[in-house]
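Please read the structure below before turning to the comments.
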Amino acid sequence: MRKYKPFYLLLTLCLGVTLLSSCGSSKEVVYFQDLKPGETEIRLPEVKTITVRPEDKISIIVNSRDPQLTDLFNLPYVSRQLGQSLSTGNVTVGTSQGVSVYTVNADGEIDFPVLGKIKVAGMKREEIAETIKNRLITENLVKDPVVTVEFSNLCISVLGEVNHPGRFSIDRDRITLLDALSMAGDLTIYGNRYKVMVLRQEGDVQRVYGVNLTSGNHLYTSPAYYLQQNDVVYVEPNEVKARQSTVNGNNVRSTSFWISLASLLTSVAILIFN
C-alpha cells in the first residue's frame, strides 16, 4: 500500500486545487457587509428629487367644481391605436391610448392653454402644479383649481449582469439605485458587487460613478444613490463570468482548465504508480 501513498496525495492535491479554483468567497456576493442591525447609522446624501428637463414629457390635468371651465385648460384626449406616434408642436400623444402630454422644449418651456408659455425646466412636479394653480387663481380664470402633474416618459436603464435588464419608467419623485436594481430583478450571481457604475449626463458632461454594493456606507453616501432620469446603471461581470467568456473556455483562469489539468495529472499518476 505504501507505493500508492504518493498517488493518493497527488490526487488529493489536484482535487483541492480544483475546488479552490471553482469556489468563490461569500464576501463577493453579500450586500451591506459593514452594516450591523441596530448599531449602524448613516447620514444619507441630500435627497435629489426628479426635476423636469428639456425633452421630458409631462401630463397636466386641471380640475375644479366647474368641469366645463377646466376643460379649457386640459388637452383633449386623442383616441388612437397603440404603437402609433402622433405629435403637434410641443404637445405629443403619450405611449398609452387616450393620454396626451406636454413635451418640454429646448428652452425648458411648455405651451399651456390660455396661459401660454410657462417655464418648467428645473422644477419639481409639485412646483409646476403650484405655479399653474397660482396663475389660474390670480388671473381670475379658475377659483378653486386642483392641478395634477405626472411624469410621462421619464426612464432609467439597467444593463449588464442583472436578471431583467431593460428600461424602466420613473413614476415617483425620487428613485434610488436599490429601486432600479430591484426593478431589474437584482444582480445575477455573476454580477460584480464591488463596482456598479452609474452613467449620468449633466449638461455637456458625461459623469461616471462607481458604487460598491458590499459596503452600505459607500452606497448610501454615494452621489449616485438617488438616480435621475436617463441615468444608465451598468453591472459588470465578476471574474467567474469573465473566465467563462473566453473563446474555448480553457484559459489558465478558468475552472475547466483546472479540471482538465487535474484529470491529466491523475491519469499520469495512475500510469506511474501502476
Restricting segment 48-79 to residues that are touching a strand residue (DSSP E or B) at 6+ places or on another chain (Cβ under 8 Å) and at pLDDT below 85, which is nearest to ASN134 (Cα to Cα)? PRO76
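Take ALA121 and tell me if it is small (Gly, Ala, Ser) and surrounded by 16 or more Cβ atoms within 10 Å (Cβ to Cβ).
Taking the combined requirement at face value, the residue satisfies it.
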Among the residues of segment 170-198, write down those that are under 11 Å from the mean Cα position of the chain (by Cα) and exposed (fewer than 14 other Cβ atoms within 10 Å of the Cβ). SER182, GLY185
Filter result (out of contact with any Leu (no Cβ under 9 Å at 6 or more places or on another chain), touching a residue at least 12 places away in the same chain (Cβ under 8 Å) and not in a loop (DSSP other than H, G, I, E, B)) within segment 132-149: LYS133, VAL146, THR148, VAL149
LEU19 - would you say it is in a helix (DSSP H, G or I), more than 28 Å from the chain's Cα centre (by Cα) and at pLDDT 55 or above? no
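The values are calculated or read from the model by the stated rules, or taken from the named source; none is laboratory data. From a predicted model like this one, the values you see are computed outputs, not experimental measurements. FYI the Cβ positions are ideal-geometry reconstructions off the backbone, even for glycines, and counts take in every protein chain you see.
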